Amino acid sequence: MITIQENKGPGRAILAGLNTKKSKEEYDISMRELAGLAKALDLEVVSVMVQNTPSVSKKTLIGSGKVQELLLEIDITDADIVIFNETLSPMQVKNLEDALDTEVLDRTGIILQIFSQRAATNEARLQVESARLQYMLPRLVGMRKNLSRQGGGSGRLSNKGAGEEKLELDRRHIEQQLKEVNRKLKSVEKERSTQRSRRMKTDIPRVCLVGYTNAGKSTLMNALLSRYGANRSAGKKVFEKDMLFATLDTSTRKIAPPGMPPFLLSDTVGFISGLPHSLVKAFRSTLEEAVYADLLLEVIDYSDPSCEEQVRVTAATLEEIGAGHIPVLYVYNKADLAEDIRIPQVHDDRIYLSAKDGRGIPELLHEIGRLTAL
């Protein structure tokens with residue numbers, strides 16, 4: 001057990017995990033990501049507990065001894081939520097909350113909470129609601145029990161955005177809600193498809209930014225917009241902030257650099273290891289911007305020691321959405337923070353640059369022009 005001292009926040013979280021086959025270094029990366037997800041919800045991480053064992057408890061994921069350790073740590077740290085790095089079954093959530101007498105979320109649950117908070121457009125809100133209802137359905141019995149035990153549970157993270165009344169709905173009502181949300185979503189997706197078809201009728205190349213969350217996709221898009229945004233696009237910067245999943249909305253802008261043909265540049269929602277399948281499915285219409293692109297710019301945080309793992313996760317997600325065949329230019333961003341490379345540099349299908357200070361932008365444009373002209 002490692003206790004972490006951080007600034008006091010509105011919620012105190014213990015992170016828990018079960019490492020069955022990964023190396024310590026690999027699993028530490030995953031747990032650091034989980035800490036980043038907790039931070040994105042403004043939670044204070046007060047303790048981290050990892051059990052290393054090849055066996056998994058069907059009842060509680062971790063062993064009974066570790067459950068007792070967690071119970072003691074909750075008492076010591078005054079934690080009000082335990083976040084597991086693994087996906088928990090509805091029965092495991094129920095059993096753990098019974099044993100720990102506190103709220104329990106898994107990796108899928110916390111990502112859903114972040115998406116719920118960040119959804120700004122009607123399409124994003126519908127997409128998140130669809131994924132949330134799918135996640136909630138098999139967990140309804142345990143949620144109702146928690147609601148009764150905690151007298152409403154209005155402060156629970158797993159209830160936020162849903163409300164007490166929704167948690168008391170029966171399965172049929174939730175299924176009806178899901179059907180209605182998906183109906184509305186199909187209507188919005190149809191409109192997006194129409195807009196995409198209109199763009200595809202032009203001869204303008206389509207370039208799409210993809211990659212891990214917080215790798216710098218929005219920063220790169222804004223760097224290009226501020227220099228080469230066409231007409232009204234020049235002033236339409238996208239939201240950027242140093243946090244996981246700062247934006248969920250797909251934005252498309254026209255970039256018109258002098259001396260080369262213009263192209264359409266789209267930004268997409270970021271990826272992360274363990275991104276819930278329900279979210280990938282719900283956000284398929286926005287992620288499909290990558291499927292119809294002529295070129296993908298995969299933005300990678302070169303300053304992150306686990307950047308090659310980010311490349312692997314992104315490749316797997318692109319395959320899942322059907323974009324694995326699209327040509328890729330690997331954009332190693334934040335290379336200015338590393339000491340082992342001089343920027344800008346271009347090597348085959350890789351470019352090393354800094355979107356923040358603009359070093360490497362001209363070289364990037366040259367590569368985009370070259371690859372979209374093929």
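Throughout, read-outs are computed from the coordinates displayed, never taken from laboratory work. Predicted, not measured: the structure shown is a model, and the values here were computed from it. Here Cβ is always computed from backbone atoms with ideal geometry, including for glycine, and neighbour counts include all displayed protein chains.
Cross-link list K184/K281; K254/K356; K241/K356; K39/K59: which exceed 22 angstrom alpha carbon to alpha carbon?
Pairs exceeding 22 Å: K39/K59.
Once the other residues with Cβ under 11 Å from the Cβ of D336 are scored (Lys, Arg +1; Asp, Glu -1), what is the net sum?
So the surrounding residues net to +2.
Highest mean first, what order results for 40-51, 248-259 on Cβ atoms within 10 Å?
Ranked from most to least packed, the peptides come out as 40-51, 248-259.
Any idea what the relative contact order of the stretch 243-374 is, in percent, if you count C-alpha pairs under 8 Å spaced at least 6 apart?
19 percent
Counting only Cα, what are the radius of gyration and maximum Cα-Cα distance Dmax of the stretch 202-372, in Å?
Computed over the Cα atoms of the stretch 202-372, radius of gyration and Dmax are 14.8, 43 Å.
Obtain the nm distance between the two label points defined at Q176 and K21 by a simple spin-label model: each point lies 7 Å from its Cα along the Cα-to-C-beta direction.
It is 4.4 nm.
Please compute the net charge surrounding N52, taking Lys and Arg as +1 and Asp and Glu as -1 over other residues with Cβ under 11 Å from its Cβ.
+4
For the stretch 68-138, which chymotrypsin sites (Phe, Trp or Tyr not before Pro) are both in a DSSP coil and crowded by at most 10 other Cβ atoms within 10 Å?
none
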